[in-house]
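**Student:** The following block contains the structure, expressed as structure tokens.
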Amino acid sequence: MRSKERHGRLLEALNSGEIDVDDLARRFDVSASTVRRDLQHLSKNNAVRRTYGGAILTGHAIETTLEQRLAVQGKEKQAIARAAIDLIADGDTLILDAGSTVAAFGRLLQPRRLRIITNNLALLPFLAKAPAIELVVLGGALRTTSMSTMGPLAHEALRRMTADRAIMSADGVVSGRGLCEADLEQVALKSLMMEQSKEVIVLADASKLGRAEQIAWAPLPPRWTLVTDVGASEEQRKHLADSGARVIVADAR
């Protein structure tokens, strides 16, 4: 496992509470000294505070960077992206949210004939090369952790457009509450993306389901589609279906 992936997984593990070095070493199949070096790196960035034999988060749940998220659950995200492609028709207008799973999905769109509206800057080098894609980029302030734009300029532009489908991501997805994120500006833009679209499709691996560590929420519409992976439990799927979701499970094999 590469260090970037371990750092992302370490932060996810620590979101559940204090965990000791030996437990993390067993979980990631590395030496205890490797875990200590990883924790030392994260503590230098003020993400965690070292304790005797382990570590805890410094405060509220830490938002990992896009690069770290891309390294975590990679097979599952690719499977979700492939399954979601079947929900798109040529000629659609799509709104693509920021996030690593949406980035994986967006890279598969290059051969398609689409109009795409997005604040996901990580996708621009890929979509700009696609001859049959009309690309509209939302301006605004740069959010470096997600490599996306946000703020009043993005809102003003988006209010002037509508879409067939909004393809959304989230730090957490909770039935009856919606999409969980770290920042109020994030959820304000996500809510507008969903309002401007006829259909909402959420791409979220099983680790995101039921997670509510962050402080801000974007409510989901009464009917929406969730594309997740086989790690999602039957109970999780039922709760989400009861809250209005059509649940599609992608197999990473």
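The values are calculated or read from the model by the stated rules, or taken from the named source; none is laboratory data. Bear in mind the structure is a predicted one, so any value in this text is a computation, not a measurement. Don't worry about glycine lacking a Cβ; one is built from the backbone with ideal geometry, like all the others, and counts go over all protein chains shown.
**Student:** Scan segment 136-155 and give yes if some residue there is in a helix (DSSP H, G or I), over 14 Å from Leu203 (Cβ atoms) and either touching a residue at least 24 places away in the same chain (Cβ under 8 Å) or in contact with a helix residue (DSSP H, G or I) (Cβ under 9 Å, 6 or more places away or on another chain) (or both), otherwise no.
**Tutor:** At the first step, the residues of segment 136-155 found to be in a helix (DSSP H, G or I) are 152-155.
The next check asks that each one be over 14 Å from Leu203 (Cβ atoms); those that pass are 152-155.
Next cut, either touching a residue at least 24 places away in the same chain (Cβ under 8 Å) or in contact with a helix residue (DSSP H, G or I) (Cβ under 9 Å, 6 or more places away or on another chain) (or both) only: 154-155.
The answer is yes; a qualifying residue exists.
**Student:** Next question, about the same structure. Give the residue that is farthest from Leu226 (Cα to Cα), with candidates limited to residues of segment 99-115 that are touching a helix residue (DSSP H, G or I) at 6+ places or on another chain (Cβ under 6 Å) and hydrophobic (A, V, I, L, M, F, W, C).
**Tutor:** Leu108
**Student:** Can you tell me which residue within segment 156-175, out of those that are crowded, with 20+ Cβ neighbours inside 10 Å and in a loop (DSSP other than H, G, I, E, B), is modelled with the lowest pLDDT?
**Tutor:** Restricting to residues being crowded, with 20+ Cβ neighbours inside 10 Å and in a loop (DSSP other than H, G, I, E, B), the top hit is Asp171.
**Student:** Spot the failing condition for Val200; the list is (1) touching a Phe, Trp or Tyr at 6+ places or on another chain (Cβ under 6 Å); (2) assigned to a loop (DSSP other than H, G, I, E, B), and only one is missed.
**Tutor:** The one condition Val200 does not meet is (2).
**Student:** Given the condition acidic (Asp, Glu), modelled with pLDDT of 95 or more and under 21 Å from Arg143 (Cα atoms), answer yes or no: does some residue in segment 63-80 qualify?
**Tutor:** Looking through segment 63-80, none of the residues is acidic (Asp, Glu), modelled with pLDDT of 95 or more and under 21 Å from Arg143 (Cα atoms).
**Student:** Just to be sure I understand, how many residues within segment 87-113 are farther than 15 Å from Lys77 by Cα and surrounded by fewer than 21 Cβ atoms within 10 Å (Cβ to Cβ)?
**Tutor:** Of the residues in segment 87-113, 11 are farther than 15 Å from Lys77 by Cα and surrounded by fewer than 21 Cβ atoms within 10 Å (Cβ to Cβ).
**Student:** Does segment 219-242 include one or more residues that are of a type in the set (Gly, Ala, Ser) and either outside the structural domain of Ala163 (by TED's automatic domain parsing) or farther than 21 Å from Ala83 by Cβ (or both)?
**Tutor:** Looking through segment 219-242, none of the residues is of a type in the set (Gly, Ala, Ser) and either outside the structural domain of Ala163 (by TED's automatic domain parsing) or farther than 21 Å from Ala83 by Cβ (or both).
**Student:** In segment 76-105, how many are within 13 Å of the chain's Cα centre (by Cα) and assigned to a helix (DSSP H, G or I)?
**Tutor:** Number of matching residues: 11.
**Student:** Applying the selection to segment 176-201, what residues are farther than 19 Å from Ala154 by Cβ, among the small types (Gly, Ala, Ser) and either outside the structural domain of His239 (by TED's automatic domain parsing) or surrounded by fewer than 19 Cβ atoms within 10 Å (Cβ to Cβ) (or both)?
**Tutor:** As a first pass, look at segment 176-201 and keep what is farther than 19 Å from Ala154 by Cβ: 176-178, 180, 198-199, 201.
The next check asks that each one be among the small types (Gly, Ala, Ser); those that pass are 176, 178.
Selection gives Gly176 alone.
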